[in-house]
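Each remark here refers to the structure printed beneath this line.
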Amino acid sequence: MLDCTYLLEILRRYYPDRESRLAGRQRFDSEYWDIVRFFGDRGLRPDRVEIVCFGEQWRHKDPLVEGFAFGIAGRLRAEGRLHDGPLTMAVCQASWDARPPRLVVCPAHYEDLAGTCFALDLPDDRFGPEARSLREYYLSRQQTRDYGSSLLCAGLGVCGMLMIGQRGYRQVLTVRRCGHLASLEDSWGPAAAGAVDWRTDCATLEELAVKSLTNEVQEELGLRSDEVTITPLAMAREICRGDKPQVFCLITTDLALEEITRRLTARMQSGGEFDRWRWLPIDAGSTALEDSGVELNHEARMNIGLLEEYLVPHP
């Protein structure tokens, strides 16, 4: 239901500022926009970004999109790829230039996120002969690109690459996502990733990112909160899944490789969210984006690209 094979055409027509999308040591097209880095001389400190919670639940603005999302959610649920869970967090507004900068968020049903952002390229006659799919429909109708006017649920996500080793031989963990997941199934992604659950106990973006990813790390990798350190790297909007916002992080631990392997094996055997994993080198003389033997999805590529920038800043 996501077909990014013609993403280059989408980028050309609707996202012409390629320079702003570049990331990593090789300055590749990340397929993300509105990238706000949290490191470097010009980086924005995430501990200074206030979280403002708006209690009213996110609602659809377009009846065609709402009907489509309802049908997709039912299909995913029937396939065992969507389960009832807690409310997720949607972004209503991002004011990066405000003093202090702030992120306004509201509660949303996960099925509204999944029913729109995860099925953008599925042909559907309701969107007309010219649009053909939800992606073309929403891109051609939105006059502005701010969160508040979006026809899609801007559900906030968080992900992170687990890095081990010392300078000279550092590695990052990538996992192959199981086929039963709601999106990016059967692809090689970050070590841990997921939607941010609705919560009102976080004062800053840094606190929100750390607490949310800590939960994902414990659930998906079996590593406890006192065994990892999480460093937010950036926030950006993902083009492939409908401009949804994502916070990218670095995860580090002092656990030995043998212990991490034991935890990963246990999580995989208990029916976790991945069915394989691989360690990729990431240092000055090598990059996990090249010759890795796996085809990383865009989420993992962006996460690694930001990590490269963070580890080896540009002069």
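The single condition from (1) open to solvent by 40 Å² or more (accessible area, probe 1.4 Å); (2) of a type outside the set (V, I, T); (3) in contact with a Lys or Arg (Cβ under 6 Å, 6 or more places away or on another chain) that E9 fails is (3). Are any of the residues in segment 158-166 surrounded by fewer than 19 Cβ atoms within 10 Å (Cβ to Cβ), farther than 27 Å from Y15 by Cβ and in contact with a helix residue (DSSP H, G or I) (Cβ under 9 Å, 6 or more places away or on another chain)? Scanning segment 158-166 turns up at least one residue that is surrounded by fewer than 19 Cβ atoms within 10 Å (Cβ to Cβ), farther than 27 Å from Y15 by Cβ and in contact with a helix residue (DSSP H, G or I) (Cβ under 9 Å, 6 or more places away or on another chain).
Among the residues of segment 239-276, those identified as assigned to a strand (DSSP E or B) and either among the aliphatic types (A, V, I, L, M) or buried (at least 20 other Cβ atoms within 10 Å of the Cβ) (or both) are K244, P245, Q246, V247, F248, C249, L250, I251, F274. Summed over segment 204-213, the residues that are open to solvent by less than 20 Å² (accessible area, probe 1.4 Å) and either touching a Cys at 6+ places or on another chain (Cβ under 7 Å) or not hydrophobic (A, V, I, L, M, F, W, C) (or both) give a count of 4. The residues of segment 83-100 that are open to solvent by less than 40 Å² (accessible area, probe 1.4 Å) and either out of contact with any His (no Cβ under 9 Å at 6 or more places or on another chain) or farther than 12 Å from A154 by Cα (or both), listed by number, are M89, A90, V91, C92, A94, S95, A98.
Does L103 satisfy the criteria of being of a type in the set (A, V, I, L, M, F, W, C), open to solvent by less than 10 Å² (accessible area, probe 1.4 Å) and closer than 20 Å to T144 by Cβ? Answer is yes for this residue.
The values are calculated or read from the model by the stated rules, or taken from the named source; none is laboratory data. Here the structure is a predicted model, which is why all the values come from computation and not from measurement. Note that each Cβ is placed from the backbone with ideal geometry, even for glycine, and that neighbours are counted across all protein chains shown. Just so you know, the surface numbers come from the protein's heavy atoms only, side chains and all, with ligands and any DNA or RNA stripped out. Shrake-Rupley method; radii C 1.70, N 1.55, O 1.52, S 1.80 Å.
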